[in-house]
Amino acid sequence: MRVIGLMSGTSHDAVDAAAADLVLDGDTLVLTPLGLVSEAYPDDLRAALGAALPPSATTMKDVCALDTRIGQAFASLAVRAGRELCDDRADLVVSHGQTVYHWAEDGQVHGTLQLGQPAWIAEATGRPVVSDLRTRDVAAGGQGAPLVSLVDTLWLRGRPGVCAALNLGGIANLTVVSGTGDPLAFDTGPANALIDAAVRDLTGGRLDHDVDGALAARGTVHHALLERLLAEPYYGLPAPKTTGKELFHPPYLRAALAAAGPVPDDDVIATVTELTSRTVADAVRSVHATEVIASGGGTRNPTLMAALRRALGAVVPRTSDELGLPAAAKEAYAFAVLGFLTVHGLAGTAPSCTGARHPSVLGSITPGRGGLALPAPGQPAPTRLEIFRR
């Protein structure tokens with residue numbers, strides 16, 4: 001089955017589309033990457049999205065407009081991915097949508113909301129669409145995240161020692177896989193969320209991220225500010241746990257800066273970069289990981305990666321590219337896998353990773369133009385994911 005996975009993360013800067021051929025071979029799911037295309041959100045859409053995110057107030061009219069326009073942006077990229085990556089022969093599109101709220105309180109997730117109406121994608125591509133993948137896990141008592149943990153578990157099972165898959169998006173998350181015991185997954189805290197917030201605030205919106213980590217590289221870590229940020233209670237919560245921009249948003253950083261007193265701009269960015277590396281490294285040590293495989297946009301920030309290497313010491317992080325999954329596309333490929341499992345009637349969650357009561361088949365299916373013809377039931381659930389490099 002040829003599948004397009006669509007993803008926009010908590011940095012809400014662009015939409016990624018990764019295409020893959022997926023085949024079940026006994027208990028092994030074989031993934032052949034076909035490539036990645038990305039498109040930035042239009043400036044006005046990104047501004048409207050940012051203005052509607054917590055802790056800002058919004059209206060149902062704004063939510064409806066965002067749901068429509070994000071769906072149209074995803075649809076446009078899905079058409080392009082089908083043409084450029086799939087020879088117009090895609091069988092399925094899987095859309096993560098854009099997370100706008102993850103309702104977590106007192107260690108429990110009560111709901112989650114991803115916008116990007118899938119009907120626009122189905123109409124534009126003519127293909128069936130799997131969407132709204134997180135809610136079923138929440139309904140089963142889970143955190144709804146990190147959903148990529150099942151894919152990480154299938155992919156990394158059998159590696160020696162304790163392997164930790166690290167995603168550095170707006171929020172950082174870990175999936176921990178070892179030869180003994182069940183896998184574990186959780187959000188460690190901010191990855192790029194506070195770095196991006198600091199850059200936007202301190203440059204008056206001229207920049208929206210720290211290109212190549214240049215601003216952080218010019219600064220010096222402000223230890224009083226760092227200690228104030230490290231005192232955040234979230235870091236001490238037990239796994240499984242999830243977080244997002246509902247907590248780590250620009251006013252959160254502004255409040256910490258107001259309490260810390262004057263801090264030079266570059267030092268602020270150096271400090272929040274160090275916060276990410278420190279909290280990730282603390283999480284890696286807490287699970288006794290012997291290997292870290294990183295992906296996500298944060299891997300393109302050399303200052304962050306250098307700080308992470310220093311903080312991790314003997315555990316040298318690698319990128320997922322070395323194992324066959326491009327770091328920039330890994331999450332989009334992961335959601336392609338989850339949608340593939342859905343249309344085959346197979347569970348897409350690992351309860352030990354999300355805290356759910358049981359595994360669940362994820363998402364909702366929007367038929368394509370030709371109706372809906374699902375694969376025959378009875379396929380075995382895969383126990384391994386193999387990456388085939390052409």
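The values are calculated or read from the model by the stated rules, or taken from the named source; none is laboratory data. Just so it is clear, the structure is predicted and the values come from calculations on it, not from any experiment. Quick reminder, even Gly has a Cβ in these numbers, built from the backbone with ideal geometry, and neighbours come from all protein chains shown. Side chains included, ligands, DNA and RNA excluded: accessible areas come from the protein's heavy atoms. Shrake-Rupley method; radii C 1.70, N 1.55, O 1.52, S 1.80 Å.
Working from Cα positions, state the angle (0 to 90°, nearest 10) between the long axis of helix 302-312 and the longest principal axis of the chain.
That helix lies at roughly 80 degrees to the long axis.
What does the highest-first list of 154-160, 94-100, 9-15 look like by mean Cβ count within 10 Å?
94-100, 9-15, 154-160
Positive end of the charge dipole of the chain (Lys, Arg +1 and Asp, Glu -1 on Cβ, about the Cα centre): tell me which of Val109, Val199, Ala19 has its Cα farthest that way.
So the residue furthest toward the plus end is Ala19.
Could you tell me how many degrees, from 0 to 90 and to the nearest 10, lie between the Cα long axis of helix 250-260 and the main elongation axis, the longest principal axis, of the Cα atoms of the chain?
20
Rounded to the nearest 10 degrees, what's the angle between the helix 60-85 long axis and the longest principal axis of the chain, both from Cα atoms, 0 to 90?
Around 60 degrees separate the two axes.
Is the shape of segment 70-179 rounded, prolate or oblate, going by the alpha carbon gyration tensor and its root eigenvalues a ≥ b ≥ c, with a/c under 1.5 for rounded and a/b larger than b/c for prolate?
Note, shape of segment 70-179 comes out oblate.
Evaluate the charge dipole of the chain about its Cα centre and quote only its size in Debye, nearest 20, assuming +1 on the Cβ of each Lys and Arg and -1 on the Cβ of each Asp and Glu.
440
Just the accessible area per residue of segment 158-261, please: how many Å² with a 1.4 Å probe?
Accessible area per residue: 41 Å².
Between Leu374 and Ala65, what is 0.36 nm times their sequence separation minus the Cα-Cα distance? Round to one decimal in nm.
In short, 108.1 nm is gained.
Any idea how far apart Asp106 and Asp212 come out in nm if each label point goes 7 Å out from Cα toward Cβ?
5.0
Hey, with R₀ at 30 Å, roughly what FRET efficiency would His358 and Arg318 work out to, going by the Cβ-Cβ distance, to 0.05?
0.35
What ³J(HN,Hα) values, in whole Hz, does the Karplus curve 6.51 cos²θ - 1.76 cosθ + 1.60 give for segment 221-237 when θ = phi - 60°, with x put for Gly and Pro?
4, 8, 5, 5, 5, 4, 5, 5, 5, 5, 6, 4, x, 3, 4, x, 6
Once you put a point 7 Å from the Cα of Arg310 and another 7 Å from the Cα of Val23, both along the Cβ direction, what distance in nm separates them?
4.8
If a/c stays under 1.5 just call it rounded; otherwise compare a/b with b/c (prolate if a/b is bigger, oblate if not). Do that for segment 1-155, with a ≥ b ≥ c from the square roots of the Cα gyration tensor eigenvalues.
Cα axes put segment 1-155 in the oblate bin.
Provide the FRET efficiency to the nearest 0.05 for the Ser56-Glu84 pair, computing r from the beta carbons and using R0 = 41 Å.
0.70
What 222 nm value per residue comes from the helices of the chain, counting each DSSP H run with n ≥ 4 as -39,500 (n - 2.57) and dividing by all residues, nearest 500 deg cm²/dmol?
Helix-only estimate at 222 nm: -11000 deg cm²/dmol.
What shape does segment 232-390 take by its C-alpha gyration tensor, where a ≥ b ≥ c are the square roots of the eigenvalues and a/c under 1.5 counts as rounded, a/b above b/c as prolate, and the rest as oblate?
Prolate, since a/c reaches 1.5 and a/b exceeds b/c.
Taking amide H positions as placed 1.01 Å from N in the peptide plane, with prolines and chain starts having none, which residues 5 or more places from Glu291, or on another chain, fall under 5 Å of its amide H?
For Glu291, the qualifying residues are Val162, Ala164.
Counting only protein heavy atoms, what percent of the accessible surface of the chain is carbon or sulfur at a 1.4 Å probe?
Ligands and nucleic acids excluded, carbon and sulfur give 54 percent.
So if we plug the beta-carbon distance of Asp282 and Arg389 into 1/(1 + (r/R0)^6) with R0 = 25 Å, what FRET efficiency do we get, rounded to 0.05?
With a Förster radius of 25 Å, E is 0.15.
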